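A short worksheet on the structure shown next.
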Amino acid sequence: MTTTDDLPAFLDALLARHGNNPTNLLQILCETQDRQGCIPPPAINHLSQRLGIPRARIEGVAGFYSFLHLRPNGEYRVLFSDNITDRMLGSQILMEKMCQQLWLQPGKVSEDGLVSINTTSCTGMCDQGPAMLVNGRAITRLTHQRVQEIGSLIRNNTPLAGWPADFFLVEDNIRRSGPLLDNTSAPGDILRAVLFSSAVRPELVEGLHGSPFDTSGGSPRTEIAKDIVEAVKHSSLRGRGGAGFPTGQKWEACRNAPGSKHYVVCNADEGEPGTFKDRVLLNCQADLVFEGMTLCALAVGAQHGYLYLRGEYRYLLEPLRAILQRRRDNNMLGKNILGQAGFDFDIAIHTGAGAYICGEESALIESLEGKRGVPRSRPPFPVTHGYMQQPTAVDNVETFCSAALAIQMGAENFRAIGTQKSSGSKLISVSGDCPRPGIYEYPFGVSVREVLQDCGAVNTRAVQISGPSGMCIPKREFDRKLGFEDLPTAGAFMVFDDSRDLFEVARNFVHFFAHESCGFCTPCRVGTSMLKQTMDKIAAGHGTRHDLNEIENLDKVLQTSSHCGLGRTACNPVLHTLKHFRPAYENRLKSLDFEPAFDLDGALARARQMTGRDDAGAHLKPEET
């Protein structure tokens, strides 16, 4: 930690490294906290003066992201993953055990300022949970013994560098591979093939050498750029984030959009609980990701690219930076790529700080610009008004990999994989009640039942497709297919056997949406909170059929008036489980037609505890409540 006297010098050096640019505010705040343990008032004052932005804006940005703190939050900041699959593996009991060991309440900082313990929505380690973050470092496969050891290390104030290395082991767990995961092309091979071989029209190659990079039309490289777009369009590749927008169409719109600069952005902020495929791709196919981004840059005429890395995956930051530097050293990034005059493109990595909403592309762009990650109103769309209001092609990790693969294989060969409306293969993140969780690659069109068989799941009661915002599939629908024709998915595949309470699964998802709402629009901010309160009311045994009807009415409001997709899908977990597993709700209901959500007598429990009274006279009579 820098002393108060040294803080200005540290911040000035940090600002100089970031070009004194306010758009890098989030990165500056993250690095300040890394050094200071929090973002103290003197740092905010100094940054406000040097960057020329109001103090309120800096505090507003810091307050938006879950991993940033304006006051000390402990030398060790422990966050247990609260995803439903971690809960199924016993994360709540493990958290209670650590709190007891360290004499600490969840959400509090110890009196000596040593440690704080809390929960975080999902760490992206669903295949090897229970998991936690300690000062941003992921620790997997928690057990009672491991939690006990971690508590002792914290009590002894042992630096993380001195903790056992196997605590931080994150495995890829690739269970089934296909053309994408099996790709063995050397770095730069696909890019060279596009520039110098028959991977594009052969007649263009001879005229390419030495010609300047010109996007005005007519030059050989301009024609190659157009051919990249046509190849991606012809492959019928659709975005792998779940929405499935045609990738080639997006790149073409970005290329044709007027603007002084064009940008390429890779969305590596996969925050949907149950999804971890991008984590694996960034670890084992990072060059393919960067190859896809570079091809996209050539196609749309961009010179600058950004990879927005999820805060929970910060352990990948240095390895990814090393790969980028190796590509620069080998002339695959930077100036005059592969000797082509004017072909300039480079990639910077920006890290998130714990905000699920930044997975939405316009919120991600706001975050890239150093702001709160609040989704923009659309239109205009990022392809015309994206980063810095310039044309921007935003795709996720798997999409860029698939685009590079489609160009390498050829559009026809790529389109031959999968189905008519869903070409290529899809990575599935399997977690939950199965002996072989991990990453599975299938051609589009695979059935839910086949995935269950491959992962060894038995007595499966339900599968949650595409995370909380997706669909809950009961046993009678296991022959349905993964693909845009039937079950579109971003990749999450959460398995629940017949021992699981689907009401509690939906309740966990509802809590997730309420926690992750950005708060921008009233329907989502209030609606997700009301939904959470209703589910908690039912769980406490105070629910009635009236509450179930109110959930359906609330969904109509959220669907029609929410600012972005988070609010519009927040009721999905409840509506789907109500449809297929209604007894899980009705068994909790009282026979009354209506019961208030507020329990007045229960609210007096704290007063009874403080006064040491719990006799009949200290309770309200039923008619008084």
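Condition check ((1) surrounded by 15 or more Cβ atoms within 10 Å (Cβ to Cβ); (2) within 27 Å of the chain's Cα centre (by Cα); (3) modelled with pLDDT under 95) across all residues:
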{"site": "Leu142", "(1), (2), (3)": "yes, yes, no"}
{"site": "Ala165", "(1), (2), (3)": "no, yes, no"}
{"site": "Asn173", "(1), (2), (3)": "yes, yes, no"}
{"site": "Pro187", "(1), (2), (3)": "yes, yes, no"}
{"site": "Phe196", "(1), (2), (3)": "yes, no, yes"}
{"site": "Pro202", "(1), (2), (3)": "no, no, yes"}
{"site": "Val205", "(1), (2), (3)": "yes, no, yes"}
{"site": "Gly217", "(1), (2), (3)": "no, no, yes"}
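The condition (being of a type in the set (D, E, K, R), surrounded by fewer than 20 Cβ atoms within 10 Å (Cβ to Cβ) and either more than 30 Å from Gly136 (Cβ to Cβ) or touching a Gly at 6+ places or on another chain (Cβ under 8 Å) (or both)) is satisfied by just one residue among Asp329, Asp346: Asp346.
Can you name every residue in segment 83-110 that is of a type in the set (S, T, N, Q) and part of a loop (DSSP other than H, G, I, E, B)? Selection gives Asn83, Gln105, Ser110. Name the residues in segment 238-260 that are in contact with a Phe, Trp or Tyr (Cβ under 7 Å, 6 or more places away or on another chain) and either assigned to a loop (DSSP other than H, G, I, E, B) or outside the structural domain of Cys296 (by TED's automatic domain parsing) (or both), would you? Hits for segment 238-260 are Gly239, Gly244.
Of Ile44, Ile58, Ile39, all but one fail to be buried (at least 20 other Cβ atoms within 10 Å of the Cβ) and under 23 Å from Gly113 (Cβ atoms); the exception is Ile39. Suppose the filter is out of contact with any helix residue (DSSP H, G or I) (no Cβ under 7 Å at 6 or more places or on another chain) and either charged (D, E, K, R) or not assigned by TED's automatic domain parsing to the domain that holds Ile465 (or both); does Asn21 pass it? Answer is yes for this residue.
Within segment 468-495, the set of residues being surrounded by 24 or more Cβ atoms within 10 Å (Cβ to Cβ) and more than 18 Å from Arg238 (Cβ to Cβ) comprises Pro468, Cys472, Phe493, Met494, Val495. Restricted to helices (runs of 4 or more DSSP H) entirely inside segment 557-624, those with at least 2 residues that are on the phi < 0 side of the Ramachandran plot, at pLDDT below 85 and in contact with a Leu (Cβ under 8 Å, 6 or more places away or on another chain) are 600-603. The conditions of being within 30 Å of Thr399 (Cα to Cα), aliphatic (A, V, I, L, M) and either in contact with a Leu (Cβ under 8 Å, 6 or more places away or on another chain) or in a helix (DSSP H, G or I) (or both) are met by Leu180. Restricting the first member to segment 433-452 and to residues that are within 12 Å of Met494 (Cβ to Cβ), and the second to residues that are at pLDDT 95 or above and in a loop (DSSP other than H, G, I, E, B), the beta-carbon pairs closer than 6 Å and six or more apart or on different chains are Cys434/Cys455; Cys434/Gly456; Cys434/Ala457; Val448/Phe478; Val448/Arg480. Within segment 270-284, residues that are not assigned by TED's automatic domain parsing to the domain that holds Cys126 and in a helix (DSSP H, G or I) have Cβ atoms under 9 Å from residues that are surrounded by fewer than 24 Cβ atoms within 10 Å (Cβ to Cβ) and of a type in the set (S, T, N, Q) in these pairs: Val280/Asn173, counting only partners at least 6 apart in sequence or on another chain. If the condition is being in a helix (DSSP H, G or I) and loosely packed, with under 13 Cβ neighbours inside 10 Å, then segment 146-163 contributes Ser152, Ala161, Gly162. Each residue in segment 515-557 was checked for being small (Gly, Ala, Ser) and surrounded by 19 or more Cβ atoms within 10 Å (Cβ to Cβ), and 3 pass. Scanning segment 433-491 for residues that are closer than 23 Å to Asp269 by Cα and small (Gly, Ala, Ser) yields Gly438, Ser466, Gly467, Ser469, Gly470, Gly483, Ala490, Gly491. Here Phe80, Phe67 are screened, and the one residue that is touching a Pro at 6+ places or on another chain (Cβ under 8 Å) and not in a helix (DSSP H, G or I) is Phe80. Just to be sure I understand, how many residues within segment 354-367 are surrounded by 24 or more Cβ atoms within 10 Å (Cβ to Cβ) and in contact with a helix residue (DSSP H, G or I) (Cβ under 6 Å, 6 or more places away or on another chain)? Here the count works out to 7.
The values are calculated or read from the model by the stated rules, or taken from the named source; none is laboratory data. Note that the coordinates shown come from a computational prediction; the quantities given were computed from them, not determined experimentally. Note: ideal-geometry Cβ built from the backbone for every residue, glycine included; neighbour counts use all protein chains shown.
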